[in-house]
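K.L.:
Let me give you the structure first, and then I'll get to my questions.
Every number here is computed from the coordinates shown, using simple stated rules; none is lab data. Small disclaimer: the values here were computed from a predicted structure and weren't measured. Backbone-built Cβ (ideal geometry, glycine too); neighbour counts: all protein chains shown.
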Amino acid sequence: MNKKLLYLAENYDLVIGDTFELFYRGVVRSMNPYKYYIYVTSPKGRPYPRYYTYTPGVGEEGDYPLSITLYDDFGDVIDTATTNLHVVKPLAPKKRMNILCVGDSITFNGVWPYEGYRRFTKEGGAPVGLGFKDSLNFIGTMKKEEVGYEGYGGWQWRHFVKNEAVSTTSSVWVEVESHKLDENDQHSTWKSNNLQWVLESIEDKKLKFKRGPGNYSCLPTVGDVFTNVDGGIHKEDIKVSKYYFEKGNPFYDEELDGPNFKKYCLDNNFDGIDYLYILLTWNGQYKPFNDDFSHFEPFIVEFINRAKEDFPNIKVRLIGIHSPSIDGGIAANYGASGFYSDVFGEVTTAYNYDAYLENLCKRDEYKDFCRYIDMKAQFDVENNMPATMLKVNNRNEKLERIGTNGVHPTMEGYLQIGDVFYRALVADMEKEA
């Protein structure tokens, strides 16, 4: 097991005119990172109590070192780490680039792909867009306005390699006339036809449930009503208009028994793939303090290798996962026992998994076309995860903030992931200019 407390990726993308923030909660592997004196040095930017920030100005393109040292209360050094801040000027690519974003429930709503697209191609908005119109083509069978992508709640690497859509693990989509559910209800448990279902994704007229304990038949019968069993804040029965099981892997080719990216593009009339951005995954990260990701590796390798075989000039970007909720979201979703219930154990797993992804990108067979993007350090897990205000105890009306979701962000959190994607996109497109 890696015993280092500090984790900084080798490189972070920064953009002229854009505010970069590096949150200590995402670089110090500790349940309480603030018990240390966090000393930050760099020729640029400013270190504040919770984060370091730097907004590069015009003419500040280049590379700048940043170092962090942890001290205890006696002034003794506990750990040190150094990274590179790579600042680029936004430039439009010489030709229109085809972009594919792939992920799980964090990608399902399309917010982070769309925000990167908006900031690069459109004018106005906040933060203001660059206005490089028609420079990017986002492909995918799922759509958020003109932006295509592939994002499926509950999926992990193997689901994008094999075809397991209608199986003992298949999720179900339920169409409804109306509901009051929101992000605070994700991962709540419901019962229909005496089978348990866990709420995964929420749309205006459509809900997605994954299997609960004991719900293992291939095509279980869904009743007319879903009744809340545990979790969430909206407990009203859900009346079912229609239901159907989730479609199969969009990349799957039966002859290959795996992904076929050429066929995927031909079947959907896409021009091809120049850049593949992948944000996977919290699914399958059930083991606390884990540093062995061999259950993912065969599928990661096959997915990347097939993409490279089908499109030899493709560039692949692996985006790391963020830390889970540290103020009650894990307890709200998973209770005090079982998978995912160990808060700091899962924080540590996230750190180890992100380091694994970065090291994979550095392997000889991948280093020329793969790059790691460290999202965790740029994500404010203390403020951009769902929460509610509850009484501090049964006898006191004073309120405190308590998390309500273990791994799914608020809208501000999704947009912040979009900012990380935007910086990576600008850095990549600068090479295509």
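K.L.:
How large is ³J(HN,Hα) for each residue in region 98-103, as worked out from phi by the Karplus curve 6.51 cos²θ - 1.76 cosθ + 1.60 (θ = phi - 60°), to whole Hz, x for Gly and Pro?
P.N.:
After applying 6.51 cos²θ - 1.76 cosθ + 1.60, I find 8, 10, 10, 10, 10, x Hz.
K.L.:
While we're on this one: If R₀ is 22 angstrom, what is the calculated FRET efficiency for the pair MET411 and THR53, using the beta carbon separation as r and rounding to 0.05?
P.N.:
The pair MET411/THR53 has a calculated efficiency of 0.55.
K.L.:
Turning to a different aspect of this structure: Looking at region 280-431 only, what percent of DSSP beta bridges run antiparallel? Nearest 5 please.
P.N.:
Bridges in region 280-431 that DSSP calls antiparallel: roughly 60 percent.
K.L.:
Can I ask one more? Using a Debye calculation, one point per C-alpha and no hydration shell, please list log10 I(q)/I(0) for region 183-299 at q = 0.16 Å⁻¹ in order.
P.N.:
Values returned for q = 0.16 Å⁻¹ are -1.02.
K.L.:
Order these peptides, 262-275, 23-36, by their mean beta-carbon neighbour count within 10 angstrom, highest first.
P.N.:
Final packing ranking: 23-36, 262-275.
K.L.:
What is the chain by shape, rounded, prolate or oblate, if you read a ≥ b ≥ c off the alpha carbon gyration tensor as root eigenvalues and call it rounded for a/c under 1.5, prolate for a/b larger than b/c, and oblate otherwise?
P.N.:
Oblate.
K.L.:
Right, something else. Relative contact order, percent, of region 43-191 when contacts are C-alpha pairs under 8 Å separated by at least 6 residues?
P.N.:
That works out to 17 percent.
K.L.:
Considering only DSSP beta bridges with both partners in region 1-132, what is the antiparallel share in %, to the nearest 5?
P.N.:
80 percent
K.L.:
In nm, what is the difference between 0.36 nm times the number of residues separating THR19 and GLU397 and their Cα-Cα distance?
P.N.:
Gain in length upon complete extension: 132.2 nm.
K.L.:
According to the square roots a ≥ b ≥ c of the eigenvalues of the Cα gyration tensor, what is the shape class of region 12-139, taking rounded for a/c under 1.5, prolate for a/b larger than b/c otherwise, and oblate for the remainder?
P.N.:
It is prolate, given that a/c is not under 1.5 and a/b is the larger ratio.
K.L.:
Of LYS95/LYS143; LYS95/LYS263; LYS376/LYS398; LYS162/LYS263; LYS206/LYS398; LYS143/LYS262, which pairs sit farther than 25 Å apart, going by alpha carbon to alpha carbon?
P.N.:
Long pairs (Cα-Cα over 25 Å): LYS376/LYS398; LYS206/LYS398.
K.L.:
Restricting to the chain, compute how many DSSP beta bridges are antiparallel as a %, nearest 5.
P.N.:
70 percent
K.L.:
Still on this model: Straight-line reach only, C-alpha to C-alpha below 14 angstrom: list the aspartates and glutamates that LYS133 could link to, leaving out same-chain residues fewer than 8 apart.
P.N.:
List returned: GLU123, GLU146.
K.L.:
Treat each spin label as a single point 7 Å out from the Cα along the C-beta direction, and report the TYR34 to ASP224 distance in nm.
P.N.:
5.3 nm
K.L.:
At a Förster distance of 30 Å, what's the computed FRET efficiency of LYS367 paired with LEU266, Cβ-Cβ distance as r, to 0.05?
P.N.:
0.50
K.L.:
Which length gain, in nm to one decimal place, applies between SER337 and TYR71 when the Cα-Cα distance is subtracted from 0.36 nm times their residue separation?
P.N.:
Gain in length upon complete extension: 92.3 nm.
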